[in-house]
Amino acid sequence: MKAFTFERATDVDAAVASSAKPGARFIAGGTNLLDLMKVEVEKPAHLIDISRLPLRDIAETPEGDLTVGALVSNTDLAAHPKVRERYPMLARAVVNGASAQLRNQATTGGNLLQRTRCPYFYDVAKSCNKRTPGAGCSALQGINRMTAVLGGSDACIAAHPSDMAVALMALEATIETKGGSKGGRKIAIADFYRLPGDTPHRETNLEPGELIVSVALPPPPAGQQTYRKVRDRASYAFALVSVAAILDLDADKRVRGARLALGGVGTMPWRALDAEKGMVGAEAGDKAFAAAGAVAMAGARGRGGNDFKIPLAKRVVARTFAGLATSISKG
Amino acid sequence: MATVIGMPIDRIDGPAKVTGKAIYAADVGADKPVFGAIATATIAYGSIKSIDASEARRQPGVLLVWTHENAPAQAPWVPKAEDPFARPKPQLDSKKIQYYGQPVALVVATTFEAAREAAALIDVTYEKGEGVFDLENAGKDTKTPKQDNVGKPAASKVGDVDMAMRTGFVSVDETYKTPYQNHNQMEPHASTAIWDGDKLTVHCAVQLVESAHACIATTLKLPPEKVEIVAEFIGGGFGGKLPVYGDAILAGLAARELKRPVRVVLTRQQMAHVTTHRGASVQRVRLAAQRDGTLTAIAHESLAQTARADDFVEPIVASTRSLYAAPNRFTQQRTAVLDLPIPGSMRAPGEAIGLLALEQAIDELAVKLDMDPIALRLKNEPKDDPEKHIPFSTRNLVACLQQGADRFGWNKRNPKPGANRQGQWLVGMGVAAAIRGNFLRKAEAKVTMTSAKTATVEMDMTDIGTGSYTIFAQIAAETLDIPVEAVTVKLGHSSYPDTPGSGGSFGASSCGAALLDACQKLKARLDKGEGPQGLTAMGKAAPGDDYKKYAQFAYGAHFAEVGVDADTGEVRLRRMLGVFDAGRILNAKTARSQLIGGMIWGVSSALYEEQPLDLRFGSFMSVDLANYHVPVHADIPSVEAATLKEFDRHANALGSKGVGELGICGAGAAVANAVYNACGARVREYPITVDKILPALS
Ligand SMILES: Cc1cc2nc3c(=O)[nH]c(=O)nc-3n(C[C@H](O)[C@H](O)[C@H](O)COP(=O)(O)OP(=O)(O)OC[C@H]3O[C@@H](n4cnc5c(N)ncnc54)[C@H](O)[C@@H]3O)c2cc1C
């Protein structure tokens, strides 16, 4: 670990002001940043501890949104009655992530910005374009079972590891910030993450020093929600494939609306808009749900070790919607 | 005399462990210790062209930087030795790189952080050579050794397997693969070295104090009496702490140079390469049988890694020679000499992965015969050792299978794969046999009456988390007829009487028998009216003729029930039972813990565990516990272990056999067989993950 200086931010403005210091980084729960610092993947010169800022509330706005402070812990987010009642897929996604200890420490803002788990990204002795732009990607021909099949480029196929962010994609959350060139803004989550292209080191559209202060959840769309995570062990494992799905059926069992986002398969939390659109009006059933899986994975490209994710994701999409349809028909 | 041996008493070191009073090598109090960090090679084969440590030397707090250019002279490595773990382990002694992650430099600094940061600043330029990394494509580096690691012949042949395969009513000829694995003990390899005048004490995380003592003294060219090794508590060994590594050698050398205590701890990431691992294997099993299930041929051939820098040959096929009867037999252990980190013993070296193949093949044969896999095993129960033709000391595999089947409800199993569907889950059951060689080693023990009613036991044996402290207290208490609380057990100092240490499941029996002998001698003298205060007796144990006259093994039967998610192919264990015959049980509670620990590791081998190797670099890629999967609590809902009442009088005076490794033997195969029964997927390449099951699900 590189030696660094440390300060504890007293308020949001002070934190934003301090971020102008050379090599400054925010640290919230530290569950991702510290691990990366220990292996010298991250080498901040200055840490601004934001963990005591008053951004720990979950509140309802007059418009019916739910705003979640950036420092709300993953545990508190998943346990909040309003979240459980209105956004059950989010509660499920969060408790499907990491371990209880980590969720107690991890924050909403930090979860959005956690970095990939690609083993070559973690190993400073191997080349990685995310770490050193232009150095080359070791994963393309390497151990790439956990990497992405959607959104990858010849520069990077690292998967985005977050579960929470997949649900937020499906729920069309908005990220609210302070600082940066505009002094603060609202960013739709659809515009928040970037595809790797040939700049995989740039993962989001946040500006340097821009602080996430909250995440706003619009009222949930009609229908039943769920989050299904497929993983190598029963708990404490990153997703091979995960599916955040919402299904709304009319009285004739036709699809009135659907939402679909996937985790584990994309270089960013992956919204499958085309698959959603294709389902609308279709009769709820295996045919429509299988088609949704096929459309969602239409552009997928395997790189050997991760090939299995493509058929797996199709199955999981289809089975997850089928499960929702069954539970709707049961009332 | 009250019965104490065998009672399920709590471990006597438990309170110290949960209150932080048990001191491990990296926590030993020392006067102003300084901290060493190791830098490791980033190529697997070649040599160091140049090494620039100037930046590291300039860092604040840095006290010493050693590379091969300036490290102190040490005794050279020797390729062969009677005790491989006593061989010198010179560090930073050459510019040659023999494996990825080999230590190339040591930095000592006033803080751990400064040492680590400086170590990362050492700039090494390499001359890269072409290493051989691929087990299955090692070409001329594929060898047929004469002996395996425990000195048994690497091959055996009886009758004509090829002919039996041609003429059998059914046959199985399949190839199974097991991956690289790491021990990943909770406690990293760590050492604190302290000099007092010309005497060196190294507190280190080792299983074999005696071997470590010899290794460290010879490497540092010190008279043995000037070196004390202390290993009072070890946070998991599993075979990965049989050898001594650079942490101990370099801490000892640096502490001498700096004239103050030095602590060196490997990082979790370094452990993957610097310490030993379980080599990957490719195993071919051939079986032939008559219509009634009588085996006519068993052949088990294995190819596994050995390192160019070492001579380890895992005895993967050895126990296959003794498990089932068959007139035609063939076993062979081949090795590929690879430029990879050094493989070594890992819990039940040999059987742990050998049975993953053999016991799955037996299940495949049962399917082909349309026969119950338990009935098939019972049919082929041998009367004596099938290759040596000597009697078994005791053998209760049949009872383990039968009692286990009753307890587990085996008769409810539908032999047809995929027949038992519960909601989204396809549920199946599997069975497998366990066998593990039983060993005894030379050991000595000392017991002293410290008052009329209290005694102290001394041995250089270790307790690597298994319960050694506790069973020794029980043996002394029962034999001397004093309460367990009146016995103080002192282990893990090289100045105590010599023992073989912890390894190969021989510790409890070897040291226990020596202690029993000491206590019996002491009791006889006490009964004669000598002492008591200060009265001392020495005892010993050594393998006698019974180890030649009788084939000695411990046995078991594993039963597993799994669910396979019909949508995703995810496998989840539902319950598991093992019934074991390990001779006399010395403490029912710690033995059970050992057995279920082994079984859980078996589940891990079947479903989770794999250290992926990047063949381009010769390096392992899952070097932390986020990526290197072992079971978590949610994966292990119910595991039960039962033991038969036994006393193996040929094994040793206590009648006990090893339990530490028995639980893992065959456990993974029972899980693999349950997966097949659940969903029809026969996965022969471990671990059995979703990607390998999916193709079998329609
Ligand atoms: C072993 C392990 C297993 C895990 N498994 C899972 C899993 O299965 N699923 C899953 O989704 N996650 C998993 N995680 C990841 C975990 O969810 C993240 O580490 C955590 O959410 C990060 O939150 P944090 O507050 O600790 O972030 P930190 O580590 O403090 O910060 C992470 C990044 O975010 C930046 N940051 C933090 N807060 C803000 C803010 N308010 N504004 C701007 N920048 C900010 C930091 O500068 C840093 O770059 C796992 C982690 C570990 C260690």
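The values are calculated or read from the model by the stated rules, or taken from the named source; none is laboratory data. Please read all numbers here as calculations on a predicted model, not as lab measurements. Note that we place each Cβ from the backbone using ideal geometry, even for glycine, and neighbour counts take in every protein chain shown.
Miscellaneous remarks
- Some residue of segment B:13-32 being surrounded by fewer than 16 Cβ atoms within 10 Å (Cβ to Cβ), farther than 20 Å from B:G252 by Cα and touching a Lys or Arg at 6+ places or on another chain (Cβ under 6 Å): no
- Every condition in (1) within 16 Å of the ligand (Cβ to nearest atom); (2) in contact (Cβ under 8 Å) with a residue 60 or more places away in the chain; (3) buried (at least 18 other Cβ atoms within 10 Å of the Cβ) holds for B:H629 except the one numbered (2).
- Unmet criterion (only one of (1) out of contact with any helix residue (DSSP H, G or I) (no Cβ under 8 Å at 6 or more places or on another chain); (2) in a loop (DSSP other than H, G, I, E, B); (3) away from chain A (no Cβ under 14 Å)) for B:A16: (2)
- Residues located in segment A:41-56, provided they are assigned to a loop (DSSP other than H, G, I, E, B), away from chain B (no Cβ under 14 Å) and more than 9 Å from the ligand (Cβ to nearest atom): A:R52, A:P54, A:R56
- Being farther than 30 Å from A:A139 by Cβ and either buried (at least 24 other Cβ atoms within 10 Å of the Cβ) or more than 13 Å from the ligand (Cβ to nearest atom) (or both) is a property that A:L273 lacks.
- Lone qualifier among B:A681, B:A670 - being in a loop (DSSP other than H, G, I, E, B) and farther than 21 Å from B:Y550 by Cα: B:A681
- In segment A:22-40, the residues that are assigned to a loop (DSSP other than H, G, I, E, B) and either near the ligand (Cβ under 6 Å from one of its atoms) or touching a strand residue (DSSP E or B) at 6+ places or on another chain (Cβ under 9 Å) (or both): A:P22, A:G23, A:A28, A:G29, A:G30, A:T31, A:N32
- Here B:A299 passes the criteria (1) in a loop (DSSP other than H, G, I, E, B); (2) aliphatic (A, V, I, L, M); (3) out of contact with any Pro (no Cβ under 8 Å at 6 or more places or on another chain) except the one numbered (1).
- The criterion of at least 2 residues that are away from the ligand (no atom under 16 Å from the Cβ) and more than 24 Å from B:T689 (Cβ to Cβ) is met by the following strands (runs of 3 or more DSSP E) wholly inside segment A:190-252: A:224-230, A:241-249.
- Residues in segment B:177-208 that are in a strand (DSSP E or B), crowded, with 24+ Cβ neighbours inside 10 Å and in contact with a Ser or Thr (Cβ under 9 Å, 6 or more places away or on another chain): 8 in all.
- Residue check, B:D384 acidic (D, E), more than 26 Å from B:E174 (Cα to Cα) and surrounded by fewer than 23 Cβ atoms within 10 Å (Cβ to Cβ): yes
- Where helices (runs of 4 or more DSSP H) fall wholly inside segment A:271-331, the ranges with 3 or more residues that are within 20 Å of the chain's Cα centre (by Cα), touching a residue at least 40 places away in the same chain (Cβ under 8 Å) and within 14 Å of another protein chain (Cβ to nearest Cβ) are A:309-329.
- When B:L106, B:L135, B:L92, B:L121 are checked against the criterion of being farther than 13 Å from B:T40 by Cα and either buried (at least 20 other Cβ atoms within 10 Å of the Cβ) or assigned by TED's automatic domain parsing to the domain that holds B:V62 (or both), B:L135 stands alone in meeting it.
- Filter result for A:A59 (among the hydrophobic types (A, V, I, L, M, F, W, C), more than 11 Å from the ligand (Cβ to nearest atom) and over 30 Å from B:A634 (Cβ atoms)): yes
- Summed over segment B:613-659, the residues that are part of a loop (DSSP other than H, G, I, E, B) and within 14 Å of another protein chain (Cβ to nearest Cβ) give a count of 19.
- Hey, B:Q98 modelled with pLDDT of 95 or more, within 14 Å of chain A (Cβ to nearest Cβ) and buried (at least 20 other Cβ atoms within 10 Å of the Cβ) or not: no
- From A:D252, A:D163, residue being within 15 Å of the chain's Cα centre (by Cα) and of a type in the set (D, E): A:D163
- Whenever a residue of segment B:671-698 is in contact (Cβ under 8 Å) with a residue 24 or more places away in the chain and more than 14 Å from chain A (Cβ to nearest Cβ), its partners that are part of a helix (DSSP H, G or I) and crowded, with 19+ Cβ neighbours inside 10 Å, lying with C-beta atoms within less than 6 angstrom and at least six residues away or across chains, give the pairs B:A672/B:Q360; B:A672/B:A606; B:N673/B:D363; B:R682/B:Y676.
- In the set (1) part of a loop (DSSP other than H, G, I, E, B); (2) charged (D, E, K, R); (3) in contact with a strand residue (DSSP E or B) (Cβ under 8 Å, 6 or more places away or on another chain), the condition left unmet by B:E530 is number (3).
- Residues that are assigned to a helix (DSSP H, G or I), more than 10 Å from the ligand (Cβ to nearest atom) and either touching a helix residue (DSSP H, G or I) at 6+ places or on another chain (Cβ under 7 Å) or in the same structural domain as A:S242 (by TED's automatic domain parsing) (or both), drawn from segment A:74-92: A:T75, A:L77, A:A78, A:V83, A:R84, A:M89, A:L90, A:A91
- Considering residues of segment B:559-614 that are under 30 Å from B:L338 (Cα atoms) and touching a Cys at 6+ places or on another chain (Cβ under 8 Å) only, the residue surrounded by the fewest Cβ atoms within 10 Å (Cβ to Cβ): B:G598
- Consider segment A:93-112 and keep the residues that are more than 13 Å from chain B (Cβ to nearest Cβ) and surrounded by fewer than 22 Cβ atoms within 10 Å (Cβ to Cβ). The one that is nearest to the ligand (Cβ to nearest atom) is A:Q105.
- Hey, B:G465 outside any loop (DSSP other than H, G, I, E, B) and either closer than 22 Å to B:L662 by Cα or of a type in the set (D, E) (or both) or not: no
- Checking each residue in segment A:117-131 for being surrounded by 23 or more Cβ atoms within 10 Å (Cβ to Cβ) and more than 12 Å from chain B (Cβ to nearest Cβ) picks out A:C128, A:N129, A:K130.
- When we screen B:P60, B:P88 for residues that are within 14 Å of chain A (Cβ to nearest Cβ) and either under 27 Å from the mean Cα position of the chain (by Cα) or not aromatic (F, W, Y) (or both), the only hit is B:P60.
- Any hit, segment A:132-139, residues being buried (at least 22 other Cβ atoms within 10 Å of the Cβ) and within 13 Å of the ligand (Cβ to nearest atom): no
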